Amino acid sequence: MDRLLYIGKTNSLRGRVSGGHKAFLWAWLDKYNSEDVRIAIHPLSVWSNPALLLELEAIILRATEPPYNVQIPLENQTHAINNSGTTICC
């Protein structure tokens, strides 16, 4: 069965998963066959616009509802972004 288990964004995939990742642990606990679990990446050129990136992630999360994402933003949820691209309030 093909489906998304987790959606996330990162500047460094290696840094994101080098110490392990909750999605891998949860897939193991749910007894997914390790041969069936894959990481799919898609580079985006919108890193210079963090608000756009957050909105895109929220749209994808709402549309797919991956089971290992703990928090899926509501459709009317807004984000305040500081200069470094970090979400500072919701």
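Along the stretch 17-26 the Karplus relation, 6.51 cos²θ - 1.76 cosθ + 1.60 evaluated at θ = phi - 60°, assigns HN-Hα couplings of 10, 4, x, x, 8, 4, 5, 5, 4, 5 Hz to successive residues, with x for each Gly and Pro. Ligands, DNA and RNA aside, I39 has an accessible area near 90 Å² when probed at 1.4 Å.
The values are calculated or read from the model by the stated rules, or taken from the named source; none is laboratory data. Bear in mind the structure is a predicted one, so any value in this text is a computation, not a measurement. SASA here: full protein model, heavy atoms, side chains in, ligands and nucleic acids out. Shrake-Rupley method; radii C 1.70, N 1.55, O 1.52, S 1.80 Å.
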